[in-house]
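The values are calculated or read from the model by the stated rules, or taken from the named source; none is laboratory data. Since this is a predicted model, take the numbers as computed values, not measurements. Ideal geometry is used to build each Cβ from the backbone, glycine not excepted, and the neighbour counts take in all protein chains shown. We work out accessible area using only protein heavy atoms, side chains counted, and drop any ligands, DNA or RNA first. Shrake-Rupley method; radii C 1.70, N 1.55, O 1.52, S 1.80 Å.
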Amino acid sequence: MDKRTDPVEIIARVGGVTPYSDRERAFGTWVHLASKAGWQVVEADDFAADGDRGEIGAVDIEGVRYVIRLGPRVRRLLYDVVDGHMEKRDVLAVAAWAEPVVTEESAPGWYSTEAN
């Protein structure tokens, strides 16, 4: 059994609760964390990221491609003053994360035409 953290479990907390515009830094931070976890990470140069879908790049990790996304993903406690009183609430903060590109090669049997 592999003891490394699975790439989909690696979350790069790169921003606060407002939109985060430094996509290159967010991508680099995620790649650094994945490499530090022991994965061989190679940037996929042939990938065209769609910023409207939150994509900031793609990587190939030991035979599987992952799309790296950026957006609201992690919980953070926000302190706010409302009517002169301090209130706190949970909100989503910005992070970068990976989602696998599911193909017949990366997920054998997933696209089977046979009915179960």
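Pull up the stretch 1-12, narrow it to residues that are over 25 Å from V91 (Cβ atoms) and at pLDDT 95 or above, then point me to the one that is least open to solvent (accessible area, probe 1.4 Å).
P7
So, in the stretch 42-70, of the ones that are at positive phi and modelled with pLDDT of 95 or more, which residue ends up least open to solvent (accessible area, probe 1.4 Å)?
The qualifying residue least open to solvent (accessible area, probe 1.4 Å) is G57.
Output the residues belonging to the stretch 1-44 that are without any contact (Cβ under 8 Å) to a residue 40 or more places away in the chain and basic (K, R).
K3, R4, R25, K36
Restricting attention to the stretch 71-106, report how many residues are among the acidic types (D, E), modelled with pLDDT under 95 and assigned to a strand (DSSP E or B).
Residues that pass the stated criteria total 3.
Determine which member of the set G38, G109, G15 is surrounded by 18 or more Cβ atoms within 10 Å (Cβ to Cβ) and in a loop (DSSP other than H, G, I, E, B).
G15
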